[in-house]
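The values are calculated or read from the model by the stated rules, or taken from the named source; none is laboratory data. None of the values given here were measured: they were computed from a predicted structure. Note that each Cβ is placed from the backbone with ideal geometry, even for glycine, and that neighbours are counted across all protein chains shown.
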Amino acid sequence: MDLKTLTYIAVFSSFGLYFAIAWWARASSTSEFYAAGGHVGPVANGMAIGADWMSAASFISMAGLISFLGYGGSVFLMGWTGGYVLLAMLLAPYLRKHGKFTVPEFIGDRYYSKAARIVAVACLIIASLTYIIGQMKGVGVAFSRFLEVDYGLGLGIGMGVVWVYAVMGGMKGITYTQIAQYCVLIFAYTVPAVFISLHLTGNPIPQLGLGSTMADGSGVYLLDKLDLVVTDLGFKEYTTAKLGNGINMFAYTLSLMIGTAGLPHVIMRFFTVPSVKAARASAGYALVFIALLYTVAPAVGAMARMNLMNTIEPSPGQNLVYDERPQWFKDWEKTGLLEFEDKNGDGKIQYTADAETNEMIKVDRDIMVLANPAIANLPNWVIALVAAGGLAAALSTAAGLLLAISSSISHDLMKGILTPNISEKNELLSSRIVMTLAILVSGYLGLNPPGFAAGTVALAFGLAASSIFPALMMGIFSKKISGHAAVAGMCSGIGVTMLYVFQHKGIMFIPGTAFLGDMEANWFFGISPNAFGVVGAIVNFTVAFIVSKITGPAPKEIQQLVENFRIPSGAGAAHHH
Amino acid sequence: MSTNNSSYWRENLRLIFKCLIVWFVVSFGCGLLFVEELNTIRLGGYKLGFWFAQQGSIYVFVALVFYYSHAMNKLDAKYGVEESEE
């Protein structure tokens, strides 16, 4: 069978699976719609968190980034996993104990303030919407490349699929589809990695293969060879290349960690488990499932780089003749993500770090994972699988984000503030309507990405790190921080971060380089805006502390509330009070 | 807060503090601050600092979260604040 047929089969059978699950797991109450009724076990929840968390950026972009950044790419690996340690110890158990549906609801209760709740809703919506644009673009690109349909049509199909199962099933449907999507995406990610590791090093486990010797009998370690190959061509040494300076890497890693711990669509998933104990455990399982992909990614990155180098220059001085280039090269040239220009007119491909002589004038980092199976000559079914996996990653994250948005609007704004007397049936209906609108808005934004699309990840993580994480952490670990203090802290934290990000908006936004919320453009100028969330968080903590000293401590009943959610006993399922 | 609950909370804070030290050492310490020193040591084909940054820190994170979860379950039982089974 040809590649296109196989891809259609893989993609549409995975969609069929998601629909079947959605039909089976329809939501009939707000508790099911927002928190899956609070019946999800820790392992299942861990898997759902894995799919919720691992987006098109993790699946498609991350290994490509590592591929070209080498050691510098470690900030993503540590940052996006280390955040779960913070989440497991500092936030998840207490939020679960408090037992509400949404993050703004917790903030509103703890800070006894509608203003705080509204600020939290605003942060959540901006962070989630910016994040979702990247997912929608991922869906569009995966469709247009693998199924050869128009980008807009691909986006439309993706929106339709998410609509069916997210609107019908709410958190319940999303949870069970995410479990299926996790299986699809992890299988699709590891299968090519195992093949490639086996081929290059003879070791089928990519994590070990990366530290093994080459299978060509030379006895040279893969990473040593890669260091040698890239430095010969003038690139930075793979295993030591830094991302900016040491301070930038430090700030970047810390920002991603606290940003991860503050992302509402991930935190929300902890409301679905039946107990505090299960919340702690499910953070552990989530990290296991995430680590499965995140420890394979560096192997995929290094091996893809090696294969790319070997294809272009099979042996030193023997460069690939352009007319004899392989099929994958031609395919990606068509998309414009790979470009060659024969500068010296010899008909061969030279790929060097020197812009004067380099003839691979464009190698988009995002193609590395998608092109990897083809570069390594793997069978067509593996390539088809990768397409289905990329779509699973994008759809599962989009669904989680949509739920975070719709619940914060229908539950926090409408039920909580505007129309408190709304019946459960109408609240359920309104959250479905809001979700439909959110899908349309995000689809529109995916089709016409706004100017800040290239910085979306910076913005989402920056907002979560500088507003939501500090507000939650202070609310739990300090009994005294007052409502005024929290509002002032959140506003100044976001203010500083947004100012910094937007300051770079003009510089950072380079049309055409942004694919799935690409981050590379930010790195050329001083401290990257992506690394700035931690500064915003420090501002937030400081301002809140000072304001709290001035305005006095939180009232007694709030202090009692804090004492109550610090201990596990007495927790029920997420519910109304 | 009752004395029981406040000593439970103090023990929890101590545990979190210990775990966060490990969290910091394996990622920011071994993976970033002391990476060059550690890179002089080899772990198969890996330079050790590079290994911590791209593999080791993640394994330790997983172990930490499970350790914390386990230790807290014991602490809950010690202070009698476990959740009642539904």
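Per this entry, residue A:396 is not counted among residues that are polar (S, T, N, Q), in a helix (DSSP H, G or I) and free of Cβ contacts under 8 Å to residues at least 40 places away in the same chain. Looking only at segment A:107-130, decide whether some residue is farther than 27 Å from residue B:22 by Cβ, within 21 Å of the chain's Cα centre (by Cα) and outside any helix (DSSP H, G or I). So far as segment A:107-130 goes, no, none of its residues is farther than 27 Å from residue B:22 by Cβ, within 21 Å of the chain's Cα centre (by Cα) and outside any helix (DSSP H, G or I).
The single condition among (1) away from chain B (no Cβ under 14 Å); (2) touching a residue at least 24 places away in the same chain (Cβ under 8 Å); (3) within 26 Å of residue A:136 (Cβ to Cβ) that residue A:100 does not meet is (3).
Let's see how each residue does on (1) within 9 Å of chain A (Cβ to nearest Cβ); (2) under 17 Å from the mean Cα position of the chain (by Cα):
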residue	(1), (2)
B:9	yes, no
B:13	yes, yes
B:17	no, yes
B:34	no, no
B:72	yes, yes
B:76	yes, no
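Against the conditions (1) more than 7 Å from chain A (Cβ to nearest Cβ); (2) out of contact with any Lys or Arg (no Cβ under 8 Å at 6 or more places or on another chain), residue B:41 satisfies every one except (2). For segment A:461-493, a residue qualifies if it is among the polar types (S, T, N, Q), in a helix (DSSP H, G or I) and surrounded by fewer than 24 Cβ atoms within 10 Å (Cβ to Cβ), and exactly one does: A:492. Summed over segment A:194-237, the residues that are more than 13 Å from every other protein chain (Cβ to nearest Cβ) and either assigned to a loop (DSSP other than H, G, I, E, B) or charged (D, E, K, R) (or both) give a count of 8. The set of residues in segment A:225-249 being out of contact with any helix residue (DSSP H, G or I) (no Cβ under 6 Å at 6 or more places or on another chain), β-branched (Val, Ile, Thr) and at pLDDT 85 or above consists of A:230, A:231. The test for being in a helix (DSSP H, G or I), more than 25 Å from the chain's Cα centre (by Cα), surrounded by fewer than 14 Cβ atoms within 10 Å (Cβ to Cβ) and at pLDDT 85 or above holds for residue A:330. Of all residues in segment A:32-54, those being under 30 Å from residue A:143 (Cα atoms) and modelled with pLDDT of 85 or more number 11. Within segment A:162-169, identify whether any single residue is crowded, with 18+ Cβ neighbours inside 10 Å and without any contact (Cβ under 8 Å) to a residue 60 or more places away in the chain, and answer yes or no. Within segment A:162-169 (the criterion being crowded, with 18+ Cβ neighbours inside 10 Å and without any contact (Cβ under 8 Å) to a residue 60 or more places away in the chain), the answer is no, since none of the residues qualifies. Counting only helices (runs of 4 or more DSSP H) that sit completely within segment A:1-88, those holding 3 or more residues that are among the hydroxyl-bearing types (Ser, Thr, Tyr) and over 23 Å from the mean Cα position of the chain (by Cα) correspond to A:3-24. Scanning segment A:68-82 for residues that are more than 9 Å from chain B (Cβ to nearest Cβ) and touching a Leu at 6+ places or on another chain (Cβ under 8 Å) yields A:69, A:72, A:76, A:80.
Going residue by residue through segment A:361-378, is there one that turns out to be basic (Lys, Arg) and either modelled with pLDDT of 85 or more or in a helix (DSSP H, G or I) (or both)? No: zero hits. In segment B:48-70, the qualifying residues are those that are over 15 Å from the mean Cα position of the chain (by Cα) and among the polar types (S, T, N, Q), and the one that is surrounded by the most Cβ atoms within 10 Å (Cβ to Cβ) is B:54. The requirement of being within 14 Å of chain B (Cβ to nearest Cβ), modelled with pLDDT under 90 and surrounded by 15 or more Cβ atoms within 10 Å (Cβ to Cβ) is fulfilled somewhere in segment A:534-550, by at least one residue. Within segment A:6-25, the set of residues being free of Cβ contacts under 8 Å to residues at least 40 places away in the same chain and over 26 Å from residue A:145 (Cβ atoms) comprises A:20 only. Every condition in (1) facing chain B (nearest Cβ under 10 Å); (2) touching a residue at least 24 places away in the same chain (Cβ under 8 Å); (3) more than 29 Å from the chain's Cα centre (by Cα) is met by residue A:257 except one, and the failing one is (3). Given the criteria β-branched (Val, Ile, Thr) and facing chain A (nearest Cβ under 9 Å), does residue B:25 qualify? It is false that residue B:25 is β-branched (Val, Ile, Thr) and facing chain A (nearest Cβ under 9 Å). Say we look at segment A:231-254 and pick out the residues that are over 21 Å from the mean Cα position of the chain (by Cα) and surrounded by 21 or more Cβ atoms within 10 Å (Cβ to Cβ); which of these is farthest from residue B:25 (Cα to Cα)? Filtering first and then ranking leaves A:238. Candidates A:51, A:35, A:116, A:22: the one that is crowded, with 22+ Cβ neighbours inside 10 Å, out of contact with any Ser or Thr (no Cβ under 8 Å at 6 or more places or on another chain) and more than 10 Å from every other protein chain (Cβ to nearest Cβ) is A:116.
Do you know which residues across segment A:201-241 are hydrophobic (A, V, I, L, M, F, W, C) and touching a residue at least 40 places away in the same chain (Cβ under 8 Å)? The answer is A:210, A:222, A:223, A:226, A:229, A:230, A:233, A:235, A:241.
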